[in-house]
Amino acid sequence: VQLQAYGGGLVQTGDSLRLSCAASGRTFSSYAKGWFRQAPGKEREFVAGISWNGGSTNYADSVKGRSTISRDNAKNMVYLQMNSLKPEDTAAYYCAVSVFSIPTLSWNEYDYWGQGTLVTVSS
């Protein structure tokens with residue numbers, strides 16, 4: 001089983017990015033998925049989560065209103081659209097699959113992880 005996150009890069013303040021995460025080896029259509037991030041010297045933090053069927057989403061306050069999580073179960077993909085990026089969004093972003101069908105905020109309730117894609121926002 002492998003999760004591959006991609007789409008990060010170096011952008012300027014105010015730009016947008018769309019992160020993608022492809023799962024292979026098994027399907028995760030019954031499980032919630034999430035995005036977390038970790039900045040240098042900081043703990044991993046929840047960014048956004050989406051329920052198994054996409055019917056429920058939640059976001060960290062820091063990205064709410066600027067980000068949209070979505071999923072395509074037919075393609076085994078999850079996405080994170082981030083707009084109006086700020087320097088404080090700079091971090092490695094990780095996709096993950098939850099042990100539950102609805103998203104939770106704790107990283108230890110996710111048991112499959114991608115390798116991370118780096119987002120750097122310059123001021």
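The values are calculated or read from the model by the stated rules, or taken from the named source; none is laboratory data. Keep in mind it's a predicted model, so treat the numbers as computed, not measured. Cβ: placed from backbone, ideal geometry, glycine included. Neighbour counts: every protein chain shown. Heads up: the accessible areas ignore ligands, DNA and RNA and are worked out on the full protein's heavy atoms, side chains in. Shrake-Rupley method; radii C 1.70, N 1.55, O 1.52, S 1.80 Å.
For the pair Ser24/Thr120, report the inter-label distance in nm, with labels modelled 7 Å from Cα in the Cβ direction.
Output for this residue pair reads 2.7 nm.
Could you state the orientation-averaged shadow area of the convex hull built on the Cα atoms of the chain, in nm² to one decimal?
6.6
List, in order, the whole-Hz ³J(HN,Hα) value for each residue of the stretch 63-80 obtained from phi through the Karplus relation with A = 6.51, B = -1.76, C = 1.60 and θ = phi - 60°; use x for Gly and Pro.
10, 4, x, 10, 10, 9, 9, 8, 8, 10, 5, 5, 9, 6, 10, 9, 10, 9
Report the extension gain between Leu10 and Trp107 in nm, rounded to one decimal, defined as 0.36 nm multiplied by the number of residues separating them, less their alpha carbon distance.
32.4 nm
Taking the radius of gyration and the Kirkwood hydrodynamic radius from Cα positions alone, what is the Rg/Rh ratio for the stretch 65-104, to two decimal places?
Dividing the radius of gyration by the Kirkwood radius yields 1.01.
Per the Debye formula with a single identical scatterer at each Cα and no solvent contribution, what log10 I(q)/I(0) holds for the stretch 79-123 at q = 0.20, 0.22, 0.27 Å⁻¹?
-0.76, -0.85, -1.01
Accessible area per residue of the chain at 1.4 Å probe, in Å²?
50
Roughly how many Å is it from the Cα centre of the stretch 1-60 to that of the stretch 84-102, as a whole number?
4
How large a share of the accessible area of the stretch 1-60, in percent, is made up of carbon and sulfur atoms when the probe is 1.4 Å and the other protein chains stay in place?
So the carbon and sulfur contribution to the accessible surface is 44 percent.
If R0 is 25 Å, what FRET efficiency do you get for Val1 and Ser84 from their C-beta distance, rounded to 0.05?
Efficiency, from the Cβ-Cβ distance: 0.15.
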